[in-house]
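Novice: Submitted below is the structure of interest, expressed as structure tokens.
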Amino acid sequence: MPPDVLSGIQMSLMPSALLANAIGVARGIIFGALPGLTATMGVALLIPITFGMAPVEAFSALLGMFCGAIYGGCISAILVGTPGTSAAAATLLEGPKLTAKGQSRKALEMATYSSFIGGIISTIALITIAPTLAAVAIKFGPTEYFALAIFGLSIVATLAQGVMLKGILAAALGVFLSTIGIDPVSGDFRNTFDIPALFSGIPLVPALVGLFAVSQGLSSIEDVFAGHKGLVKYGTLSKAGITLREMRDNAVNIIRSSVIGTVVGIIPATGATTSIFIAYAEAKRASKTPERFGTGTLEGIAATESANNAVTGGALIPLLTLGIPGDVITAILLGALMIQGLTPGPLLFTKHAVTMYGVFAALFIANIFMLIFGLGAIRVAGKLVHVPNAILAPLVLSLCAVGSFAVHNSTFDIAVMAAFGILGYLMLKTGFPQAPLLLGLILGPLAESNFRRALSLFKNDFSVFVTRPISGGILLLALLVILRAVYIEVKEFRERQRDAREERPAGESRRQA
């Protein structure tokens with residue numbers, strides 16, 4: 001083993017670095033599990049504490065917080081139908097239904113193991129192929145980003161299987177809502193109603209918390225008054241954990257989703273939220289039983305949780321090799337690097353090789369701590385399923401309000417949370433899927449801004465989106481996803497019609513008899 005690598009590993013294994021890492025992971029899981037207390041907030045609050053630490057020790061704490069918070073969001077998503085972070089949004093598609101079946105422990109263990117494997121795979125990618133992958137990512141221009149956003153929106157066809165029209169309408173509403181704020185190209189104000197708080201657009205965290213958490217809370221309160229137990233509260237924490245066969249059956253799914261998360265993490269301005277929906281759609285497409293998705297399946301949990309944790313290592317690749325932060329969290333980590341006197345770029349790996357290998361080892365150790373603490377937290381967190389809805393629902397709504405306010409210290413964010421909560425509740429009652437709306441809200445600005453930049457750059461030549469190899473390939477993949485979903489939808493519609501025709505004569509003959 002090269003001396004620099006050995007020295008870096010030794011630095012990450014020092015008691016102070018291990019303690020900082022463990023505390024960071026533990027705090028991260030708590031931040032991730034509480035609605036509104038995001039990974040971004042946790043990392044930002046930790047920065048001042050790391051000022052006086054050695055670089056490896058400081059990044060042990062910061063990366064521990066990063067990994068722990070991304071994982072922690074699945075706990076509340078699975079147990080109470082409330083996503084702790086936006087990275088757990090797709091986990092809501094399966095997690096609460098598994099809890100309702102009495103399989104919450106299976107779901108939590110699958111999420112924990114998948115998160116660990118995803119994090120380890122992305123760490124290996126960071127260590128081994130960082131410069132090569134970063135060089136590919138740097139080739140992404142506005143046409144490629146637009147194509148990637150369209151591919152993300154095409155996943156609506158998969159998420160809304162069976163209610164495709166409603167899914168498309170929900171996604172269109174999300175894209176429309178994403179236009180609120182300042183025009184990214186011209187700088188004009190759009191749909192803001194002269195409200196200063198809307199100049200920067202709809203805040204994502206309050207919208208996410210309202211759409212998924214508050215709507216579920218309102219539904220739970222309704223169930224209390226109706227005397228029902230509600231969606232999540234049918235079951236208890238199951239004694240049966242995940243089996244070796246279930247892990248083996250999901251091995252390919254986890255590896256594929258981890259690769260998706262790593263690659264998406266490398267591409268700036270995408271992040272965990274995009275990766276989870278892509279991984280979920282791919283898992284459903286490749287599944288032998290796609291009809292089970294949305295009813296509570298471990299395949300969906302494995303896909304989303306391995307993908308979002310794989311983003312952690314992938315996002316560090318362009319940050320460390322090119323100095324390009326891919327999202328808000330890596331932008332904060334860029335500041336932490338500068339504070340420690342480390343300048344990102346190719347020279348970082350020659351001038352500070354020992355420190356970099358120490359950081360790589362710290363990320364590896366953070367994932368190990370995440371696995372240990374996550375498995376330990378399952379039994380404690382699982383007690384939530386025993387709390388009556390009459391007590392749990394108001395507590396969840398209170399945490400939602402506190403978390404939404406804490407992001408910007410703004411009461412307007414609480415109003416946004418409430419509005420999206422009512423919207424989400426109405427969508428639940430009318431059968432509209434919520435995930436497409438969130439997807440449109442997130443990917444709308446990415447698609448619009450890069451579409452207009454590309455046209456401006458290439459003198460309104462629309463053909464550039466298909467003539468450039470990367471963007472053309474991504475758009476072709478998006479078209480195939482849509483065509484496959486339409487084919488399945490038409491096939492199922494014809495089967496329903498055939499079944500109806502077969503039942504009608506039988507019913508008529510019985511009436512004649």
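Novice: For the charge dipole of the chain, defined by +1 on Lys and Arg C-beta atoms and -1 on Asp and Glu C-beta atoms about the Cα centroid, which residue among Ile276, Phe360, Val209 has the Cα displaced farthest towards the positive pole?
Specialist: Ile276
Novice: A follow-up question, please. At a 10 angstrom cut-off on C-beta neighbours, averaged per residue, how do the peptides 255-263, 206-214 rank from highest to lowest?
Specialist: So the order, starting with the most tightly packed, is 206-214, 255-263.
Novice: Give me the distance in nm between label points sitting 7 Å out from Cα along the Cα-to-Cβ direction at Leu19 and Ser200, one decimal.
Specialist: Placing both labels 7 Å along Cα→Cβ, they lie 3.6 nm apart.
Novice: Rank by packing, highest mean first: peptides 190-198, 93-101, 141-149, 494-502, with packing defined as the count of other Cβ atoms within 10 Å averaged across residues.
Specialist: Answer by packing, highest mean first, reads 93-101, 141-149, 190-198, 494-502.
Novice: Here is a follow-up. Compute the long axis of helix 469-512 from its Cα atoms, compare it with the longest principal axis of the Cα atoms of the chain, and write down the angle in degrees, 0 to 90, nearest 10.
Specialist: It is inclined by approximately 20 degrees.
Novice: List the residues of the stretch 90-109 whose backbone N lies under 11 Å from a point placed 7 Å from the Cα of Ala240 along the Cα-to-Cβ direction.
Specialist: 102-103, 106
Novice: For the stretch 72-99 and the stretch 403-463, what is the separation of their C-alpha centers, rounded to whole Å?
Specialist: The stretch 72-99 and the stretch 403-463 have Cα centres spaced 20 Å from each other.
Novice: In addition: For Cα extents along the principal axes in Å, one of (1) 111, 55, 52; (2) 81, 53, 51; (3) 90, 60, 50 was computed from the structure I shared and the rest are decoys. Which label?
Specialist: It is the one labelled (3).
Novice: Between Ala353 and Thr289, what is the label-point separation in nm under the 7 Å Cα-to-beta-carbon projection?
Specialist: Result: 5.2 nm between the two label points.
Novice: In nm, what is the difference between 0.36 nm times the number of residues separating Leu479 and Asn409 and their Cα-Cα distance?
Specialist: Taking 0.36 nm per residue and subtracting the Cα distance, the gain is 21.0 nm.
Novice: Using only Cα atoms, find the angle between the long axis of helix 164-178 and the longest principal axis of the chain, and express it within 0 to 90 degrees, rounded to the nearest 10.
Specialist: Helix 164-178 and the main axis of the chain meet at about 40 degrees.
Novice: As I understand it, the value is the acute angle between the Cα axis of helix 215-226 and the longest principal axis of the Cα atoms of the chain; what does it come to in degrees, rounded to 10?
Specialist: Its long axis makes an angle of about 40 degrees.
Novice: Tell me, rounded to the nearest percent, the portion of alpha carbon pairs in the stretch 1-93 spaced more than 16 Å apart.
Specialist: Above the 16 Å cut-off, the stretch 1-93 has 55 percent of its Cα pairs.
Novice: So what is the accessible area of the stretch 1-156 per residue, in Å², with the probe set to 1.4 Å?
Specialist: Values: 4730 Å² over 156 residues.
Accessible surface, normalised per residue, equals 30 Å².
Novice: Also: Multiply the residue separation of Ile339 and Phe462 by 0.36 nm, subtract the distance between their alpha-carbon atoms, and state the gained length in nm to one decimal.
Specialist: 39.9 nm
Novice: At a Förster distance of 60 Å, what's the computed FRET efficiency of Arg379 paired with Arg494, Cβ-Cβ distance as r, to 0.05? It would help to have the intermediate numbers written out before the result.
Specialist: Values: r = 48 Å, r/R0 = 0.80.
The computed FRET efficiency comes out at 0.80.
The values are calculated or read from the model by the stated rules, or taken from the named source; none is laboratory data. Since this is a predicted model, take the numbers as computed values, not measurements. Every residue, glycine among them, receives a Cβ derived from its backbone with ideal geometry; neighbour counts consider all protein chains shown. For accessibility, only protein heavy atoms count, side chains too; no ligands or nucleic acids. Shrake-Rupley method; radii C 1.70, N 1.55, O 1.52, S 1.80 Å.
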